2 protein chains.
Amino acid sequence: METWDAIRARRNVRAYEDRPIPEKDLDQILEAARRAPSAGNRQHWDFVVTTDKGQLEQMGEVWQGARHLPGAAAGILLVANQEEEERGAIINNYDLGQATYAIMVAAADLGIGSGHSSVGDQDLARSIFGIPEGHVPSYMIGLGYPADRPLRPLVKPNRRDFDDVIHRGHW
Amino acid sequence: METWDAIRARRNVRAYEDRPIPEKDLDQILEAARRAPSAGNRQHWDFVVTTDKGQLEQMGEVWQGARHLPGAAAGILLVANQEEEERGAIINNYDLGQATYAIMVAAADLGIGSGHSSVGDQDLARSIFGIPEGHVPSYMIGLGYPADRPLRPLVKPNRRDFDDVIHRGHW
């Protein structure tokens with residue numbers, strides 16, 4: 001798909017067809033995450049992927065905003081390094097945001113919908129995937145083919161108006 | 001450009017041709033930012049764009065990692081809402097990361113390189129663009145046509161190995 005179409009077609013998808021994602025496509029989505037930029041290219045992140053129904057069910061219990069995970073074809077847990085200072089944690093979250101959008105636009109390019117979630121229950125997230133100390137389960141993304149309608153460029157996205165959010169030269 | 005090519009062609013570009021970005025293309029890049037997802041679609045962000053040489057020069061003084069801004073054809077200041085609690089600030093940074101990647105991949109699609117920077121001197125960033133209280137200058141992005149070589153898909157990106165950063169089903 002053309003990039004500009006993928007950018008406009010990406011939307012928050014939380015209900016999925018019962019249809020697996022080809023392994024090759026899932027790897028391409030994860031490769032997009034690996035290639036994302038990070039502050040000073042430090043890559044203080046890891047990505048845990050699962051297509052296991054049991055693990056996806058458990059991910060649905062990690063946070064109230066994760067109820068779409070059990071119905072997803074695949075789930076990704078985004079993990080940040082534990083940092084000693086708040087500034088480091090802030091930057092890790094910025095970097096995970098970059099990787100998140102890379103995942104989402106790479107998925108949209110393949111007709112695959114995505115929906116993200118915070119991590120509420122840290123202990124549960126750790127136990128599902130065996131995340132070691134020194135690493136922080138931070139966000140989750142559900143992936144799958146949209147149950148309602150295929151991804152197509154949105155003409156009117158539900159966003160603040162362009163002239164409200166974009167300032168030219170001065171606030 | 002195909003999405004997968006744009007994802008692989010995006011790289012950190014900090015030296016630019018002395019050549020303006022067509023206004024239409026700059027608006028498309030900003031539209032990608034506007035359309036980026038955010039936590040609960042809250043859009044606690046604003047984007048200030050400039051092509052003014054004087055402002056770009058000043059942006060170069062905001063942080064040691066911003067020395068590419070004076071040579072850029074355009075600069076974007078990413079601004080987050082001021083939040084009362086740290087959790088809100090963390091999520092705003094995650095969301096700004098998503099918008100950052102949207103900007104970068106939309107730019108790559110148009111053959112335009114990008115390089116981001118933190119904001120060090122808050123007061124200076126505020127004064128350049130008249131950012132009001134209640135809003136936090138957070139990151140900057142320089143945009144322009146690469147001075148060295150055009151954007152082409154990278155075969156071997158300088159990243160941790162796929163099998164090091166991607167975990168399947170378990171850490």
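Here are the numbers for the structure shown:
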quantity	calculated
Per the axis that maps chain B onto chain A, nearest residue of B (Cβ criterion) and its distance in Å	B:Gly97, 1
Against the rule of thumb 2.2 N^0.38 Å, how large the Cα Rg of the protein assembly as shown comes out	0.93
Carbon plus sulfur fraction of accessible area for chain A, probe 1.4 Å, in percent	46 percent
3J(HN,Hα) from dihedral phi, region A:84-89, Karplus parametrisation 6.51/-1.76/1.60, rounded to Hz, x for glycine, proline	6, 10, 4, 4, x, 5
7 Å along Cα→Cβ, label-point gaps from B:Gln122 to other copies, nm, shortest first	2.5
Antiparallel %, DSSP beta bridges [both residues in chain B], to 5	95 percent
Qualifying lysines (Cα of each under 30 Å from Cα of B:Lys24; at least 8 residues distant if same chain)	A:Lys156, B:Lys53
Surface accessible to a 1.4 Å probe, per residue, for the residues of the protein assembly as shown, Å²	41 Å²
Extension reserve of the B:Arg19-B:Asp161 stretch, reckoned as 0.36 nm per residue once the Cα distance is removed	47.5 nm
Chain A, relative contact order in percent, only Cα pairs under 8 angstrom and at least six apart counted	35 percent
Summed buried accessible area for B+A [probe radius 1.4 Å, Å², rounded to 100]	6400 Å²
Label point at A:Glu86 placed 7 Å out along Cα→Cβ; residues across region B:85-105 whose backbone nitrogen lies under 15 Å	B:85-93
Quarter of the Cα convex hull surface for chain B, i.e. its orientation-mean projected area (nm²)	11.4 nm²
Across the identical copies, how the B:Leu154 labels are spaced - nm, sorted shortest first, 7 Å along Cα→Cβ	3.0
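The values are calculated or read from the model by the stated rules, or taken from the named source; none is laboratory data. Remember, predicted model here, so these are calculated numbers, not experimental data. Using ideal geometry, Cβ is built from the backbone for each residue, glycine included, and neighbour counts are taken over all protein chains shown. Heavy atoms of the whole protein, side chains included, go into the accessibility calculation; ligands, DNA and RNA do not. Shrake-Rupley method; radii C 1.70, N 1.55, O 1.52, S 1.80 Å.
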